[in-house]
Amino acid sequence: MRVRLVIEKKKGVFDPEAKVIETSLLNLGHPIENAGLKKVIEFTLGDMDEETAKEKVAMMCTQILVNPVLEQYHFELIK
Amino acid sequence: MKNAKIVVFPGSNCDTDCERALLQVGFKTERVWHRDSTIEKCDLIVIPGGFSFGDYLRAGAIAKASPIMSEVARHAERGTSVLGICNGFQILLEVGLLPGAMTRNASLQFICGEQWIRHDSNSSLALKKKVLKVPIAHGEGNFRIDDDGLRRLQDHDQIVFRYCNQEGVVSSATNPNGSVDNIAGVCSKNRRVLGMMPHPERACDPKLGSNDGADILRSFLNNRV
Amino acid sequence: MITIEDAKSHGLSESEFQNILEILGRSPNLTELGVFSVMWSEHCSYKTSRIHLSKLPTTGPHVLIGPGENAGAVDIGGGKAAVFKMESHNHPSFIEPFQGAATGVGGIMRDVFTMGARPIASLNSLRFGEKEHKKTKHLVNGVVGGIAHYGNCMGVPTVGGEVYFDPSYNGNILVNVFTLGMCKTDEIFKGVAEGVGNPVYYVGSGTGRDGIHGATMASETFEEGDEEKRPTVQVGDPFREKLLLEACLELMATGAIIGIQDMGAAGLTSSSVEMADRAGNGLKIDIDAVPKREERMTAYEVLLSESQERMLMVIDPEKASEVGRVFDKWELEWARIGVVTDSGHLEVMEKGELVCNLPIDALTSAAPKYDRPSKPFNHPQRVESVKNVPTDLAQFLVDFMGSPNLCSRKNIYSQFDFMVRTNTLKTPGAADAAIIRTEVGSSDLALAVDCPSRKVYLDPREGAKHTVAECTRNLACVNAKPLGATDCLNFGDPTKPEIMWQLIEAIEGMAEACRILETPIVGGNVSLYNASDDVDIYPTPGFAAVGAMGGRSISMHVQQAGDEIILIGRETNTDDLGASEYLWVREKSIGNRLPKIDLSEEKRLQDCVRELIDEELIESAHDCSEGGIAVALFEKLFTTGLGCSLSNISEPRLDTFLFCETPSRILISIPHEALVETKILVQEKYGLSFEHLGCVSPSPKFKLGDVCVEIARAEKAWRDGLAALI
């Protein structure tokens, strides 16, 4: 089973990097707004039922991958 | 008197240090702002270190979009010397004036300290010494290039500096950041453009531990890279 | 209708709420309650410490600006001022170490450049739990990374600091950061809202919901599970701060700025209230005009937000167009958000309605002041001696040098850019104090920060004297004379009488030492409620001193074989083991008695070492403190390729001689020819002890009787001491 995990800043948490990207795109004449940066982590997880897989990924997120102060995450399981 | 222009980006922070060092070795200096679209005739363009645009996205990436950079490229083509130091080197890589790319140090940590480098190019800077003490301070100085690119750099004598120890020995133990082939500085094929991670402007005063950087800057007064 | 429960949820006590009702003659609305809660918080009002802080000496021949402004300032000659301050960011750093430490650095830098001074050097003082504690590694890496991220990007060198590990910080780390800036003495800017009718401008980043209640959070203790108090942590943007620095300095040069203050803790509220208060004026602010990062923000949120990288300015109306010109160039937000009034009130408008109308003095001078009860800390009897000499003293020396509180800090400071600005004459680890070159005509500056908190815990009054003495002794060892200092008083929960007693004793001890050692305190910070699960931290009154360099500076390292090694100051007393590193490492005890410090002897020692350096009699000098003679000596030898032979020592107990921590001692090395002259000067002119321990040897070994340690072995242990952590 393939896992596609997306980690992003929580709503309301300032993202300086996204702000700079937004400004520079505007300066280049691209009228965009609400830029956001996300991390995508993909990996293969051994065969298991969906519930177990979800639990495992959630545990990985709390153990190491996600900083709960600043970030939130969601993921999809690709068979 | 020779003329040096110092390109200042939002987030540059070695511009003042470069200016002081260039004045000291005998240049006349002037700063140019990244939004400027022309650079008047000059002998040397310096892109100083720092964190242009916070190093957000990729180190040096956003600076690429500044109007001044196409002007720097035009000057380089015409034969003006261009020196990129640290973040300036990263910018030169991003705009394609030099081959290769930078990634985070192998340690994944910013590293600041004394460093020895070996001057490895034959037809380059007029330097009295082969082994120089020039400090480093960077988080992304891990120089990457594919095998073909590396071979081309070697074949064309474009590797100007390598990280070494005090005796001039180049080895993995003397590599502070994981760079391919211990590369600390490279120049363009036409030798007009030099990029280096170590900071020559920080080695222009024996009171600060080294005067070797002054020799590097001084060689731009007479010789091209 | 606002109730007492609302007040309590804002951290206000019942009597404080009654007080508010009386002052206003009415009930505050929610926005007003929020404003009161932050202005009356410990962080902004110093309500617990204020009556005691007044005991500190704050004047001196070099002092330009003492406590009360954004930072203090001293005259460094040549028409230049050094502007500096130290501040804590303890609670935010425990919750989110990287961003907490980063925004701490950002805040202290703004405090300095808001005065018109370009930051030129930073220090930090860090305390973590014991090395083995499960959170320590994460916290150390986060904090160090955060400081590096912010300081390096700003282009301000981090030139020194100190780090210690102790179980008392397991649940509450300390992150204290210091920044020094330089400007002309007659171009210092202040946070004053002068000139009724003058426009008030907001510049910098937009306001978001981040950090709301940061100021009240800093005044509460932690409990298990509090890491979930997450959304209050702000994200720092050093890039934007760098732009803000350049833009502010550029605008200052135009003469447009009348008053300026950074929006730090309690954000827009405290900056506007304090600016109005200093000028005796009022301020009227339009919330709708404030640049915002998020939608539908209320006046309450905008007033209490602690978004970073923002400034408030009062502008000369004739030059108001300069604001837009400069801040547009630097691509920063700016807006005219209000006006200086003669009402004496803070008036806040939202959608045309007056949503907050409070007398300024109710928020400042009428804020509560507490003389909280205190009672001496009752220490249990502890082990105070070490039974026997380590069986293998040579091996012990190696291990001791690698222990967390004594080993090299290079793994930390090499992550900081300590060379940018090309003025760092003494880099971290090279001498007892960092040395920064300033400008022709002005003094070069030596900087040091210290706090032996275990000593302060054992005896707060004496320990605070040790703190001041060690810090100024570090300056003396490089030939600098103190110009002024800043404190950062980190203590536990002051509602406990024993903690209050620690605070009072420490302040009084610090005051006495500052007076005798001629080091006025020009600014500082108090951080209370540093406790978790009812465990209070060791009292940690951090102290950072700034000194003017004499003509010549020297290294801490020995210079050549054949030089004599001398200990000057107070005669070594092998019973001085109280609060020593040795007693801690061997017995896990801090003992019962802290060696008393004789401040006049300390003053003579510092004067003496400066004279020895000026007279070119000595080659190196190093403070002898944590770990005693052995540690000072090893540190003098590391990286030099030299060794030592201590042939003149005939002590029954070598261990206690090598490791005891008798105060007021400096280890020097001198050429053999200078022996007689130095001895006369030290003993006769200054009345100090002169212990000739041995000499520097060409072979890199530490030799003392039968004990012989290869320097390389000890150096490796010392260098790798933090490798497991960082």
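Quick rundown of the values:
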quantity	calculated
Accessible area of the stretch C:44-167 divided out per residue, in Å², using a probe of 1.4 angstrom	25
Heavy atoms of residue C:538: accessible area, 1.4 Å probe, square angstrom to 10	20
Beta bridges per DSSP with both ends in the protein assembly as shown, % antiparallel, nearest 5	75
Rg to Rh, two decimals, where the stretch C:142-196 supplies the alpha carbon set and Rh follows Kirkwood	1.15
The stretch C:344-392, accessible area per residue, ligands and nucleic acids excluded (1.4 Å, Å²)	61
Note, ³J(HN,Hα) from phi for the stretch C:481-487, Karplus 6.51, -1.76, 1.60, rounded to Hz, x at Gly and Pro	10, x, 9, x, 8, 10, 10
Sum of -39500 (n - 2.57) over DSSP H runs of 4+, divided by residues of chain B (222 nm, nearest 500)	-6500 deg cm²/dmol
Bins of 10 Å from zero: percent of alpha-carbon pairs in the stretch B:3-222	9, 38, 40, 13, 0
Stokes-Einstein D in µm²/s, Kirkwood radius over Cα pairs - the stretch C:492-632 at 4 °C with 1.567 mPa s viscosity	71
C-alpha long axis of helix C:599-614 to longest principal axis of chain C, angle in °	80
Relative contact order computed over chain C (Cα-Cα under 8 Å; 6+ residues apart), in percent	16
Heavy-atom accessible surface of the stretch B:3-222: percent carbon and sulfur, 1.4 Å	46
Protein accessible area in the stretch C:586-643, 1.4 Å probe - carbon and sulfur %	40
More than 20 angstrom apart: percent of Cα pairs within the stretch B:112-195	29
Cross-link pairs C:426/C:481; C:603/C:685; C:387/C:596; C:410/C:636 - those with Cα-Cα distance over 20 Å	C:387/C:596
Estimated dipole of the stretch B:4-139 in Debye, rounded to 20 [Cβ of Lys and Arg +1, of Asp and Glu -1, Cα centre]	320
Stokes-Einstein translational diffusion, the stretch B:91-153 - Kirkwood Rh over all Cα pairs, 1.567 mPa s, 4 °C, in µm²/s	94
Sorted largest first, extent of the stretch C:27-106 alpha carbons per principal axis (Å)	51, 36, 22
Relative contact order, percent, the stretch B:1-153 [alpha-carbon distance under 8 Å, six or more residues apart]	19
All-pairs Cα distance distribution in the protein assembly as shown, expressed in whole percent, bin size 10 Å	2, 11, 19, 23, 21, 15, 7, 2, 0
On Cα atoms only, tilt of A:16-27 relative to the major axis of chain A in degrees	50
Isotropic mean projected area of the C-alpha convex hull, the stretch B:46-106 (nm²)	4.1
Hits among lysines - C-alpha to C-alpha of residue A:56 under 29 Å, sequence gap 8 or more where chains match	A:9, A:10, A:11, A:38, A:39, A:79, C:134, C:135, C:137, C:229
Total accessible surface hidden between C and B, rounded to 100 Å², 1.4 Å probe	2100
Signed unit charges on C-beta, dipole axis of chain C, positive-most listed residue C:357, C:492, C:415	C:415
Cα-based convex hull volume of chain C per residue, rounded to whole Å³	139
Semi-axes of the equivalent ellipsoid for the stretch C:34-193, Cα gyration tensor, largest first, Å	29, 20, 15
Size of the stretch C:111-212 as Cα extents on the principal axes (Å, biggest first)	58, 34, 25
CD proxy at 222 nm, helix term only [per DSSP H run n ≥ 4: -39500 (n - 2.57); per residue of chain C; nearest 500]	-9500 deg cm²/dmol
Accessible area buried at the A-C interface, both sides summed, 1.4 Å probe (Å², nearest 100)	1200
Accessible solvent surface per residue of the stretch A:2-78, calculated while the other protein chains remain in place, 1.4 angstrom probe, Å²	62
Over chain A, relative contact order from alpha-carbon pairs under 8 Å, at least 6 apart, %	56
Accessible area that becomes buried as A packs against B, both chains, 1.4 Å probe, Å², nearest 100	600
Residue-averaged beta-carbon neighbours from other chains (10 angstrom radius) around C:417-429	6
Shape call, the stretch C:324-400: gyration tensor on alpha carbons, a/c limit 1.5	oblate
Degrees separating the helix C:30-39 axis from the principal Cα axis of chain C, which is the longest one	30
Stretch gain in nm, segment residue C:295-residue C:684, where the contour uses 0.36 nm per residue and the Cα spacing is subtracted	132.6 nm
Kirkwood-Stokes translational diffusion coefficient of the stretch A:2-78, alpha-carbon pairs, 37 °C, 0.692 mPa s, µm²/s	231
Exposure ranking of C:401, B:102 by accessible area [1.4 Å probe, largest first]	B:102, C:401
List of the stretch B:103-122 residues, accessible area with partners at least 50 Å² below that of the chain alone (1.4 Å probe)	B:109, B:110, B:112
Debye, to nearest 20: dipole size of the protein assembly as shown, +1 on Lys, Arg Cβ, -1 on Asp, Glu Cβ	2680
The stretch A:2-78 - percent of accessible surface contributed by carbon and sulfur, probe 1.4 Å	52
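The values are calculated or read from the model by the stated rules, or taken from the named source; none is laboratory data. On a predicted model such as this, the values are computed, not experimentally measured, just so you know. Virtual Cβ from ideal backbone geometry, glycine too; neighbours counted across all protein chains shown. All accessible areas refer to the heavy atoms of the entire protein, side chains included, with ligands and DNA or RNA removed. Shrake-Rupley method; radii C 1.70, N 1.55, O 1.52, S 1.80 Å.
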